[in-house]
Amino acid sequence: MAKQANLRTAVFPSGIASVGLGTVERQIPADEPPPLPPNNELRVIGKSFPRPNGPAKVTGAVRFTVDISLPGMLHARVLRSPLPHAVVRSIDVSAAARRPGVRAVLTIADPANPKSAKLGYVGAPVAAVAAVSLPAAEAALHLIRVNYETLPFVADMATARAPASPSVHDHETAPSGHPSGFPAAANLPLNGNVRGPSLVRRGDVIKGFAEADAVVEAEYSTSVQTHCCIEPHAIVADWRADGLTVYMSTQFTAGVRDEIAETFGLPLNRVRVIVDAMGGGFGSKSSLGNYGYFAIALSRQAKAPVRLFLEREEEQMDAGNRPGTWQRLRIGAKRDGTLTAISLVSYGTAGIGLGAGVGSNAEALYSCPNFDGAQHDVFINAGPGCAMRGPGNTPGAYGLEQTIDELAEKLGIDPLALRDRIDPSPIRREERRIGAARIGWSRRRRPGADSGPAKRGLGVAQSLWGANVQTNAACEVRVFCDGTVEVLSSVQDIGTGITTVLAQTVAEVLGLRPDQITVRIGDTEFPPGGPSYGSRTTASVTPPARTAAWRVLQHLFAEAALLLNAAPEDLIAHEGKILVRQDFDRALSFKDTAAHLRTDRVAAVASRSDDYGGFQRRAGQDAALAQRDLGGVQFAEVAVDTETGIIRVERVVAVQDCGRPMNPRQIESQVQGGVLMGVSYALFEERILDQATGRMVNPDLEQYKLVGVRETPQIDVVVLENYQGQSATDAYGIAEPANIATAPAIANAVYNAIGVRLRSLPMNPAAVLAALGKVAHRS
């Protein structure tokens with residue numbers, strides 16, 4: 001960033017606090033606050049304050065979308081396809097429309113439009129009904145008569161890749177891009193059901209493998225994982241003559257508003273999206289979805305509010321999923337561990353959708369001059385995938401981190417020592433050092449060394465994730481003449497605690513306690529907040545919140561300066577007072593200062609500026625930090641019963657970084673949640689499709705297995721303070737890196753325990769016994 005008249009030079013703390021801090025000089029906007037010192041010099045930021053809405057959550061006082069009840073509200077249900085692949089030849093809704101209590105009926109499949117009349121999976125929406133009660137809506141669904149023409153289908157990725165397999169899409173109807181995962185580029189070739197490859201190449205891999213002293217090649221597969229949000233997808237749509245108000249469980253209020261406006265031809269100022277509380281999203285609640293479209297269209301037709309929420313079976317079949325993947329990795333290295341070449345080929349399936357690659361781990365995590373990657377999407381007749389906590393990189397890490405361990409063994413190098421040689425990140429080097437000491441890595445023995453049927457092992461794996469930023473993010477801070485303070489942004493709190501962090505950010509600036517700050521978020525009537533996905537929320541909204549608070553404080557200083565007979569630049573805000581820096585006896589309370597405002601309030605709105613050191617990449621409103629050190633290192637300790645095949649994860653040590661930690665307790669909570677999701681992914685979760693019917697046979701939370709209390713390991717979380725001087729808060733995300741490394745760390749620990757590698761997820765008892773040769777391998 002060149003030095004200009006509207007910029008000033010500022011010196012920021014830089015480096016890892018546990019190693020030793022230096023400084024970095026940046027050019028920053030003149031109307032932004034000065035650099036924050038390290039957390040140990042701050043009163044509020046970096047401390048573990050409780051969530052202000054915690055008591056309301058545990059007592060049931062918070063309002064989720066399903067709690068919304070509007071006068072005259074109708075209830076909607078969706079008719080879904082019983083077939084995996086079909087064309088609607090005719091549909092008769094007349095009996096449903098005549099049923100008492102029914103106010104609106106809508107079909108998504110129009111026989112006059114072949115594209116919309118084609119259904120690609122069991123559970124695909126066909127029609128919807130809004131009625132005065134849920135039983136009335138359910139009864140009306142049974143009156144809808146649909147004539148389906150059954151088409152050949154395929155529900156298995158390996159079968160779908162065959163040239164003679166039934167086609168899921170043709171060239172006209174096939175999707176061309178997807179906002180998550182890899183490959184996501186447009187205009188890739190479509191051959192049968194295979195789209196791609198999406199290619200990334202550097203150097204010469206043929207030459208690189210020829211120069212290698214050791215080469216490891218292996219194949220890995222991961223299962224489809226569903227989001228299993230405890231709160232289902234839900235919406236209440238209220239279409240009125242003066243505009244549309246939508247109450248929705250969403251991870252992106254502003255994005256959903258934009259999508260609604262475009263879909264229904266409405267101006268942005270006539271669409272309002274509100275979310276009060278959420279019960280999980282993990283990527284699946286990032287867009288309007290077909291259920292949202294139905295609710296809004298039904299409300300418009302019925303001229304009444306309409307509530308629509310998904311049942312658990314609908315959640316599992318049609319609310320998105322983490323795509324299943326297959327990948328083949330080949331890695332070559334010199335005797336000293338220096339990598340010479342990496343080759344990656346992957347195929348993944350997001351059902352009828354896209355975004356089923358394995359991410360950028362193999363390309364970007366380790367230093368290697370020669371890389372060749374080819375990633376493909378494979379269409380099958382199943383519900384579309386979508387972003388899920390570390391899309392792409394989570395299944396990708398499962399393969400890469402096991403292959404790196406296997407390479408270390410072949411070279412006779414400790415897995416941590418090999419990573420020290422090939423990983424350029426000083427952040428992860430420190431994380432490996434801390435984690436190894438915590439887990440007791442020095443006691444790790446050779447694979448399968450334990451005698452007897454119960455064997456223990458230690459494993460390690462690393463994560464890589466971009467430090468993402470939404471540039472279209474803003475906050476307004478208001479100080480009223482009675483001393484009350486408000487923060488407003490349309491950003492939503494999906495359970496990670498951004499409400500608390502915003503209160504801390506503003507309280508630090510104004511010299512107040514977090515409980516003195518009222519935070520109002522989750523409403524598009526407020527300044528635009530970024531999405532709560534991609535681990536970007538804190539990085540996007542805390543800098544403008546601090547900037548807005550700082551600008552308001554300058555107004556207060558101007559008022560207080562007159563009363564204290566001091567220059568505004570000589571004043572500070574501290575513990576509820578405005579003080580003269582060199583004479584603390586000259587002071588006014590914050591409340592008394594506000595009472596002298598010339599109006600009933602003073603307010604400032606600030607938007608997210610560019611990172612001071614520049615962005616590595618920027619596309620529209622999405623950007624990423626110039627350095628790619630965001631991530632973490634996780635260690636796992638497991639016990640494997642070789643007679644029953646049961647893997648017990650006993651302990652996980654997760655050492656993570658997210659720039660400046662804003663609220664350590666909340667960060668630890670996010671990391672623990674990421675680890676638990678990773679344990680569940682590693683050992684239990686698997687969407688199972690009946691190959692004869694295309695139906696999901698475990699669309700519930702009984703047969704679809706999740707980690708529970710009995711399977712929860714001891715989780716030790718260490719969060720680094722990693723200052724880089726990039727924004728007004730220097731804070732970044734952690735939710736996705738906390739999930740990426742868990743499954744491969746467990747897999748490497750299992751190998752260390754039993755001496756046999758498991759290359760497919762989930763690593764359930766049957767898979768363990770098959771790997772040990774004790775039962776026949778499942779097909």
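The values are calculated or read from the model by the stated rules, or taken from the named source; none is laboratory data. Treat the numbers as computed from the prediction; the structure is a model and nothing was measured. Note that each Cβ is placed from the backbone with ideal geometry, even for glycine, and that neighbours are counted across all protein chains shown. Side chains are part of the model used for accessible areas, which takes the heavy atoms of the whole protein and leaves out ligands, DNA and RNA. Shrake-Rupley method; radii C 1.70, N 1.55, O 1.52, S 1.80 Å.
For the reader, a short list of remarks on this structure follows.
- Stretch gain in nm, segment Thr712-Val62, where the contour uses 0.36 nm per residue and the Cα spacing is subtracted: 231.2 nm
- Ranking of Thr65, Thr150 by solvent-accessible surface, largest first: Thr150, Thr65 (1.4 Å probe, protein heavy atoms only, all chains present).
- Calculated FRET value between Thr599 and Glu575, using beta carbons and R₀ = 25 Å, to 0.05: 0.45
- What the Cβ-Cβ distance of Ile206 and Gln582 gives, at R0 = 60 Å and to the nearest 0.05, is a FRET efficiency of 0.30.
- Computed label-point distance, nm, for sites Thr150 and Thr644 using a 7 Å Cα→Cβ extension: 4.2 nm
- The radius of gyration of the Cα set in region 329-370, together with its Dmax, comes out at 13.4, 45 angstrom.
- Gap separating the Cα centres of region 522-564 and region 443-501, nearest whole Å: 21 Å
- Per residue solvent-accessible surface (Å²) - region 210-311, probe of 1.4 Å: 34 Å²
- Amide H contacts of Gly725 (H built 1.01 Å from N, in plane; Pro and chain starts excluded): no residue 5 or more places away or on another chain comes under 5 Å.
- Normalised radius of gyration (Cα atoms, divided by 2.2 N^0.38 Å) for region 340-454: 1.30.
- Counting only protein heavy atoms and using a 1.4 Å probe, the accessible area of Tyr121 comes to about 10 Å².
- Summing +1 for each Lys or Arg and -1 for each Asp or Glu among the other residues whose beta-carbon sits under 13 angstrom from that of Gly373 gives +2.
- Legend: P(r) of region 630-715 from all alpha carbon pair distances, 10 Å bins from 0, whole percents, reading 14, 37, 28, 17, 4, 0.
- With a Förster radius of 45 Å applied to the beta-carbon distance between Val697 and Lys47, the computed FRET efficiency rounds to 0.40.
- Relative to one another, the C-alpha centroids of region 272-343 and region 25-48 are positioned 35 Å apart.
- Compactness of region 197-346, taken as the C-alpha radius of gyration over 2.2 N^0.38 Å, stands at 1.60.
- Rough spin-label spacing in nm, given labels placed 7 Å along Cα→Cβ, for Asp414 and Asp690: 5.4 nm
- Cα centroid separation, region 356-419 to region 739-777: 17 Å.
- The slack between Glu172 and Asp610, meaning 0.36 nm per residue of separation minus the straight C-alpha distance, is 153.7 nm.
- Potential lengthening between Asp482 and Asp592 on full extension [0.36 nm per residue; Cα-Cα distance subtracted]: 38.8 nm
- Taking only protein heavy atoms and a 1.4 Å probe, the accessible area of region 323-433 is 48% carbon and sulfur.
- Ligands, DNA and RNA left out, the 1.4 Å accessible surface of region 121-209 is 58% carbon and sulfur atoms.
- Residue ranking by accessible heavy-atom surface, 1.4 Å probe, largest first, among Arg446, Arg103 comes out as Arg446, Arg103.
- Bridge type composition, region 163-288 - antiparallel percent by DSSP, nearest 5: 65 percent
- Region 1-98 - accessible surface per residue (Å², probe 1.4 Å): 51 Å²
- Converting the Cα gyration tensor eigenvalues of region 494-601 into ellipsoid dimensions via √(5λ) gives semi-axes, longest first, of 30, 14, 12 Å.
- Simple spin-label estimate for Asn290 and Ser69 gives 3.1 nm between the two label positions (7 Å along the Cα-to-Cβ direction from each Cα).
- Values of log10 I(q)/I(0), in the order q = 0.05, 0.06, 0.09, 0.10 Å⁻¹, for the chain under a Debye, Cα-only, solvent-free model: -0.28, -0.40, -0.89, -1.08
- Helix-only arithmetic for the chain: the sum of -39500 (n - 2.57) across DSSP H runs with n ≥ 4, divided by the residue total, places the mean residue ellipticity at 222 nm at -7500 deg cm²/dmol.
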